[in-house]
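These notes are about the structure you will find just below.
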Amino acid sequence: MKISLIVSMAENRVIGRDGTLPWHISDELKYFKATTWDHAVIMGRKSVESLKRSLPNREIRAITRDSKYQAPFEGVKVYTSLQRALQDPVGPGSTIKKDEIFVAGGGEIYRLALPMAERLYLTVVHQEVAGDTFFPEVDLTQWIEKSQVPKTSGEWNYTHFIYDRK
């Protein structure tokens, strides 16, 4: 199974502010939905709680150090380590695809998953924004750019990149 990171970050690597995205770009949310559809998505506890509800047609896997943590809504599987979340097989009869699993934040979960990632779906919002959660530094010389698609939505200019690890 391919381990992929999917992230939207500002040019200064900001990915979050006060538990939410520092921007609202409808087309970017649609891209996330289309890319992760029918896949397992791993997130840290805070990222899961920021959703407010489960994501349709995805298996959400929450990572937390709290072994007694109860997910805020139905359909979320809880794990105490990234390794356990990555290794848990998709159940029989599930429509969830087994070819690729997505890691979708937050900052600490990205940091843990980055050394294992084989693909990076990176959206760069071409602006520096204030925030309190950051995507880790990535040495892009270790990656091959597969695609680059510039976009504009309202006041936001951004680019979707896909990288595969060399």
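For the stretch 43-91, which trypsin sites (Lys or Arg not before Pro) are both in a DSSP coil and crowded by at most 11 other Cβ atoms within 10 Å?
Here the sparse-neighbourhood loop sites are Lys52, Arg53, Arg65, Lys68.
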Q: Report, for the chain, the % of DSSP beta bridges that are antiparallel, rounded to 5.
A: 45 percent
Q.
For Cα pairs less than 8 Å apart in space and 6+ apart in sequence, what is the mean separation divided by the residue count of the chain, i.e. the relative contact order in percent?
A. 33 percent
Q: Calculate how steeply helix 26-36 sits against the longest principal axis of the alpha-carbon atoms of the chain, using the helix alpha-carbon long axis, and give the answer as 0 to 90 degrees to the nearest 10.
A: 40 degrees
Q. Among the chymotrypsin sites (Phe, Trp or Tyr not before Pro) within the stretch 58-87, which fall in a DSSP loop and have no more than 14 other Cβ atoms within 10 Å of their own Cβ?
A. Phe73
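Scale the Cα Rg of the stretch 38-166 by the rule-of-thumb value 2.2 N^0.38 Å and send over the ratio, two decimals.
Ratio of Cα Rg to 2.2 N^0.38 Å: 1.13.
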Q.
Computing the accessible area with a 1.4 Å probe over protein heavy atoms, can you report the carbon and sulfur percentage for the stretch 21-159?
A. 50 percent
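Over the residues of the stretch 97-139, compute the C-alpha Rg and express it relative to 2.2 N^0.38 Å. Before the final figure, lay out each step's value.
Details: Rg = 11.9 Å, N = 43, 2.2 N^0.38 = 9.2 Å.
Computed over Cα atoms of the stretch 97-139, the ratio equals 1.30.
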Q. For Lys33 and Arg84, what does the FRET efficiency come to when R0 = 25 Å and r is the distance between their Cβ atoms, rounded to the nearest 0.05?
A. 0.45
**Q.** lysines with Cα under 23 Å of Lys2, excluding same-chain neighbours fewer than 8 positions away
**A.** Lys30, Lys33, Lys77, Lys97, Lys98, Lys146, Lys166
Q.
Taking loop as defined by DSSP and a crowding limit of 13 other beta carbons within 10 Å, which GluC sites (Glu not before Pro) in the stretch 17-80 fit?
A. Glu74
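The values are calculated or read from the model by the stated rules, or taken from the named source; none is laboratory data. No experiment lies behind these values; they were computed from the predicted model shown. Ideal geometry is used to build each Cβ from the backbone, glycine not excepted, and the neighbour counts take in all protein chains shown. The area values use the complete protein model at the heavy-atom level, side chains included, leaving out ligands, DNA and RNA. Shrake-Rupley method; radii C 1.70, N 1.55, O 1.52, S 1.80 Å.
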